[in-house]
Each structure stands twice: as C-alpha cells, then as structure tokens.
Amino acid sequence: MLDIRFIRENPELVQENAKNKGYDVSIAQLLEIDDKKKSLQQQADELREKRNTISSQLKGGKPSDELIREAKILKDELSTVEPKLKELEDQYGGLMAQIPNMMQSDVPLGGEEDSVEIKKWGEQNNGAIDHLDFAIARDWADFERGAKVASSKFYFLKGDLALLENAITQFALDFVIKKGFTYMTLPHMVSSRIAQGAGFSPRSDIESNEYFIDGEDLALIGTAEAPLTGYHADEILDEEQLPLLYAGYSPSYRKEAGTYGKFNRGLFRVHQFNKLEMYIFSLPEQSIEMHEKILAIEEEIWQAIGIPYHVINIAAGDLGAPASKKYDIEYWSPVDSKYRELTSTSNCTDFQSRNLNIRVRRSSGAIEPVHTLNGTAVSLARSLVAVIEHYQNSDGTLRVPEVLKQYLGGRDTL
RNA sequence: GGAGAGAUGGCCGAGUGGUUGAAGGCGCACGCUUGGAAAGCGUGUAUGCGGGCAACUGUAUCGCAGGUUCGAAUCCUGUUCUCUCCGCCA
C-alpha cells in the first residue's frame, strides 16, 4: 500500500497514476473516508482521555460513586463510537489495498503494445521447428500423460530434456551465487496475508491466477517472489545488512485460465514450472540501481546461453499494482518470428514492504520501509522453449549451448 | 492427530486488576574518563495514528480477535503460532 500522508498531499497524482495503470479507484472517496475516520478517531481519543483521567483519580483514592457514574457514561458513549470507527477503518483498509504503487517517471503510458524496447541483443533469425513437435519427436515431453495424471497444461519432461532443465538451473544458480545472491529453498505455499501483501489477488477474486488450498488459509505460490517477500515480514533490518540478495528456487503454480491457442502451446504457458528467482531487499535510495543490476544479470545469463533477445520497459497498463517499473526480457522466436517473454524484473519500491511491515533502522535512528525487487534468473519451461528453438539441428538433435556443457557431462549434442 | 507449557520493547527477560509504555540486562547513541582504545561511569534509546513551526502533547499497541471491569500485559472465551511429550510418517 501507499503512505496515506503521501496520498493526502498528492491526491491528483495518485489518482492519475492509478488511472494510467488501469485501476478503477476513487482517491476522493478514500480521502473522504479518511477524513471521517480521523474525526471519529479524535472523538474516541477524547472520550478515552476523559476515561483515563477519571480512572487515574479512582486508582489511589476511595471509590467514588460520582466518578464511577461519569465513567460509565463515557463507557457508553465509547461503545457507540468504537464500532463506527471500526467500520470506517475496514472501509479505509479496503480502499487503501486497491490503490496501486506509484510508477517511476520513465514508465511509458498505455497498454501492452506501448511498452518500449530499450535494448536489443543478437540476431533475428527465422525458421525453426516448433519446440513441442521437436520435443515429442524425441520423446522428451509428454503432455498427454500430464493431462491424464493431473489436467491439461501439466506435463512430464523425460530424458535429455529433463537433464537440460537441470543444467540450465544449475548454470543460472552458479551464476547468481557468484553475483552475491544467497540460494534458498522455500515454502511452496503461502498464507493469504503474505500472498496479498506481496500483491497477489485474494481467494475472493475469481480472476485470480492462484491455486488455493481448500479448507486452509494457503495458496500455492505462483512465484518464489511471494514467500521471499514474506521472509522478512514484521522485521526491522539493520542498515548495514542491506542490500540483501536472495535467490529462491521453486515450482510456480498458475491457473492461466483461458490461455490456449498457438502462442501458448507446449511449454510456453503451463500450470507448473520451475523457476530460479532473484529477490532483493534494499535501501530506498539503492533500489533503482538494484533494478538495473538484476536486469544486467538476466542479460548476462541469456547472452551466455546465446539466445537473442530485447529488453522492454513495460508500459503502465501492464505493470500490475506493486511494481513502480518493470523490465521484461523477451527472446527472439525463430518459430513465431517475434519476441516472446522470457524473464521479468520489477522494482516494487516500498509497496510490498508497507503491506508486510518490512523496515530498516537507519544509522540516524529513523525507521522506514525497505524497497523490494524481484527478477527472474531463469524460468525453466520457457527457457527450454528458447533453447530448443535456437539450438535444434535438422536431424532432430539438439546442440548444447557452450556454457551448459559442463552441466551435461561434457556432451555437446543431445 | 492427542496431552501439556508458552507468546511482553532491536534482543534477552521481570511483571497476575490501577502513574506499567512497561523493572533489570544486552545492544545502540551521545558524553565523561584515556596518549589512544577497552573497561568503568553518566545520560538517552519502541512503533502507529492525530494535534503543534517546535519543545511537546492526546491516543492506541504486551501473538491475534472478542468479553468482564470505572480501569486489563495481568481475569474469562475463542483463535494462531512456538516448544516438550505421545501417536503417525518421507
């Protein structure tokens, strides 16, 4: 959530920002509730003050019927004010939760098609066999049996393709560890508080992309970002500790309702895929630099593997609530002759940390929310699509990217 | 899953109805001391919200939610989590 003081001081900015992100919220309504809440709070505080005064008079001395009578009247008055206050606080909280994070000034306005290419690497070659056809021909992927044991968009990877997945994972893991990230495994489910604090939609949202556990306050994670955000919830970190660099590896579970069709075939969009995620808790003044750092690492990984890509600065309408700015790396698909999403990195500034109460104690003694950032190191199913499209031979074999050979026992062809 | 114990400030840890926002310790900050440091001594040191230029001030907060009471960290109920023992088990 945003800082209410910031909203009070900049209502037009916040309204404009929400509109540009495509969120239908009324800041005027929020401020109206906020005003009512404040004045009711004032009333309650005054009643409590009187009560506390009487109470301290009663404390030492003998019981006084007069004072107790007064106190009882105050108690009655409070019992009418407090429920109203509670109701306003709930409304206030509900509205606050709907207001998206502020964007950085260099985020392009508009929707998906308005994202701006800021960098390009490698050749835009054309012509290749579809990754699914290629994999099935080698008996490397089995979606039919995936559907049999689970449902559609679940799959088995077999043999060398499964080994290739491991190789890519291990390569990326070694890479980010060298960059100073601490590897961690993590819970594959999170409580609703953590999920929503990280910015994921609640169970009540039928559009939600998440799987919820029946009868439990738990959701399967759609990304390691969720548990990693929650890792330091309700903690006050020391300034010297920051930035904290974590790399979390986990499956990601996503409903992806209604996403079928040619461009979502095979491994490109599935209900479950493994992912190595970078996550940073930083000082506020570091976060822009950290965001560039994550992007640079993502680029280095894909350059090392040898997959052509471009980087786009995601437009406002596609940012989502928590992000202040987002870069996607899209690889060039020689099958579809277009760029397709491969990784994503967001600077969530203090949006998630306010939700989950993650703060830093500055050397000055001041306490303030930290900034949080996330970014994909490798997203496995999609990485396999990119590698198959770019390293296939016409005889149905697959060349192994140079940097992955050491993770495949030195083999250069699969 | 069953039984028991617990949850207090950045950390540890007192506190069973009334100046307790909370003893004491640690840590941290500043000062004194010192050639310098350590030790020692002194002072200070929670957060949210509101008011105030500020000094400061009102209120809330002792896992969470209710309840009893003029008044709750303290009593009652529910709940979550942690620990110990038992059961089950990769």
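A few comments on the model shown:
- Unique match (being surrounded by 19 or more Cβ atoms within 10 Å (Cβ to Cβ), among the charged types (D, E, K, R) and more than 30 Å from A:Ile27 (Cβ to Cβ)) among A:Lys153, A:Lys158, A:Lys119, A:Lys148: A:Lys153
- Unique match (being β-branched (Val, Ile, Thr) and surrounded by fewer than 21 Cβ atoms within 10 Å (Cβ to Cβ)) among A:Ile329, A:Ile301, A:Ile294, A:Ile288: A:Ile288
- Checking every residue in segment A:270-285 against the condition of being in a helix (DSSP H, G or I) and not aromatic (Phe, Trp, Tyr) gives at least one match.
- Residues that are among the small types (Gly, Ala, Ser) and touching a helix residue (DSSP H, G or I) at 6+ places or on another chain (Cβ under 8 Å), drawn from segment A:354-385: A:Ser363, A:Gly375, A:Ala377, A:Ala381, A:Ser383
- Any hit, segment A:331-349, residues being within 16 Å of RNA strand B (Cβ to nearest atom) and under 21 Å from A:Ala226 (Cβ atoms): no
- Enumeration of residues in segment A:328-357 that are over 15 Å from A:Tyr309 (Cα atoms), part of a loop (DSSP other than H, G, I, E, B) and either of a type in the set (S, T, N, Q) or at pLDDT below 95 (or both): A:Thr349, A:Asp350, A:Asn357
- Of all the residues in segment A:32-56, those that are within 30 Å of A:Ile7 (Cα to Cα) and near RNA strand B (Cβ under 6 Å from one of its atoms) number 6.
- Flag if A:Arg145 is near RNA strand B (Cβ under 8 Å from one of its atoms) and over 30 Å from A:Asn313 (Cα atoms): no
Every residue, every condition in (1) more than 10 Å from RNA strand B (Cβ to nearest atom); (2) surrounded by 11 or more Cβ atoms within 10 Å (Cβ to Cβ); (3) modelled with pLDDT under 85, yes or no:
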residue: A:Asn20; (1), (2), (3): yes, yes, no
residue: A:Ile27; (1), (2), (3): yes, yes, no
residue: A:Leu58; (1), (2), (3): no, yes, yes
residue: A:Gly61; (1), (2), (3): no, no, yes
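- Criterion applied to A:Leu67, A:Leu74, A:Leu85, A:Leu78 was being more than 10 Å from RNA strand B (Cβ to nearest atom), surrounded by 15 or more Cβ atoms within 10 Å (Cβ to Cβ), at pLDDT below 90 and more than 30 Å from A:Asn313 (Cα to Cα), and the one residue passing it is A:Leu85.
- Lone qualifier among A:Ala321, A:Ala304, A:Ala315, A:Ala296 - being among the hydrophobic types (A, V, I, L, M, F, W, C), within 14 Å of the chain's Cα centre (by Cα) and on the phi < 0 side of the Ramachandran plot: A:Ala321
- One residue from A:Leu245, A:Leu220, A:Leu228, A:Leu164 being crowded, with 17+ Cβ neighbours inside 10 Å, touching a residue at least 12 places away in the same chain (Cβ under 8 Å) and in contact with a Ser or Thr (Cβ under 7 Å, 6 or more places away or on another chain): A:Leu245
- Restricted to helices (runs of 4 or more DSSP H) entirely inside segment A:1-74, those with at least 3 residues that are of a type in the set (A, V, I, L, M) are A:11-21, A:27-60.
- Scanning segment A:397-413 for residues that are in a loop (DSSP other than H, G, I, E, B) and more than 22 Å from A:Tyr331 (Cα to Cα) yields A:Gly409, A:Gly410, A:Arg411, A:Asp412.
- Being free of Cβ contacts under 8 Å to residues at least 60 places away in the same chain and surrounded by fewer than 21 Cβ atoms within 10 Å (Cβ to Cβ) is true of A:Asn264.
- Hits in segment A:11-63 - residues which are farther than 23 Å from A:Tyr92 by Cβ and β-branched (Val, Ile, Thr): A:Thr53, A:Ile54
The values are calculated or read from the model by the stated rules, or taken from the named source; none is laboratory data. No experiment lies behind these values; they were computed from the predicted model shown. Don't worry about glycine lacking a Cβ; one is built from the backbone with ideal geometry, like all the others, and counts go over all protein chains shown.
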